[in-house]
1. If we only count strands (runs of 3 or more DSSP E) wholly inside segment 35-137, which ones have 2 or more residues that are under 17 Å from residue 22 (Cα atoms), aliphatic (A, V, I, L, M) and out of contact with any Asp or Glu (no Cβ under 6 Å at 6 or more places or on another chain)?
2. Are any residues in segment 87-98 open to solvent by less than 20 Å² (accessible area, probe 1.4 Å) and farther than 13 Å from residue 60 by Cβ, and if so, which ones?
3. Tally the residues that are exposed (fewer than 12 other Cβ atoms within 10 Å of the Cβ) and either on the phi > 0 side of the Ramachandran plot or modelled with pLDDT of 95 or more (or both), restricting the search to segment 119-140.
4. Being within 17 Å of residue 130 (Cα to Cα), open to solvent by less than 20 Å² (accessible area, probe 1.4 Å) and touching a residue at least 60 places away in the same chain (Cβ under 8 Å) narrows it down to one of 35, 77, so name that one.
Amino acid sequence: MRIHCRIIFLVLYFASFACLAQLPDARSMNGIRFITGGIGSDVSKAMQAEAKQWPLLIEFSQADGQAKPAWVSGVKISISDAKNAPLLDTICDGPLMLVKLPPGSYSISASYNGVAQTRTLVSAKDVPQRIVITWKGAAS
C-alpha cells in the first residue's frame, strides 16, 4: 500500500510540472516591463492565466472570414503616455502581450502588414484590462 501511494504521489508530482508552460522572458523598456509571445496553446494558456497579475493584456488577430479570427505575430506596437512621450516600442513575438503600466492614460498604436490601429487606455491600479486588436484579412 505504501509503495502504491509513493508511486501515485511521484506520478502526480512530475505530471504537474509537465502541465506548466514556461512564460516567455519579461523585457523592459523605459521602466515598462512587458512579455510578448503566446505561440503554442500551452504558452498562450499560461500567458492568459498570468494576465490576472498584469495591468494590461493585448491580443492581436486577423479576421479572414472564419468564425474565429486567427491570432497573428510580428505586430509593431508603440505605447505613449498622456503627454505623447514614447514609453515602449517593440515587435511582438506572438499574438499576446502583457504590459505592466502604472495607472494613467495611454495611447497604444499597433501596426500589422502596414495597417495601423490606435487605442486609448486609462489604466487603474489593481484593475487588469484586455484589449483585442483585430485586422481585416484579405477578401476570400
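The values are calculated or read from the model by the stated rules, or taken from the named source; none is laboratory data. Everything numeric in this text was worked out from a predicted model, so none of it was measured. We place every Cβ from the backbone using ideal geometry, glycine too, and count neighbours over all the protein chains shown. SASA here: full protein model, heavy atoms, side chains in, ligands and nucleic acids out. Shrake-Rupley method; radii C 1.70, N 1.55, O 1.52, S 1.80 Å.
1. 96-100
2. 88
3. 5
4. 35
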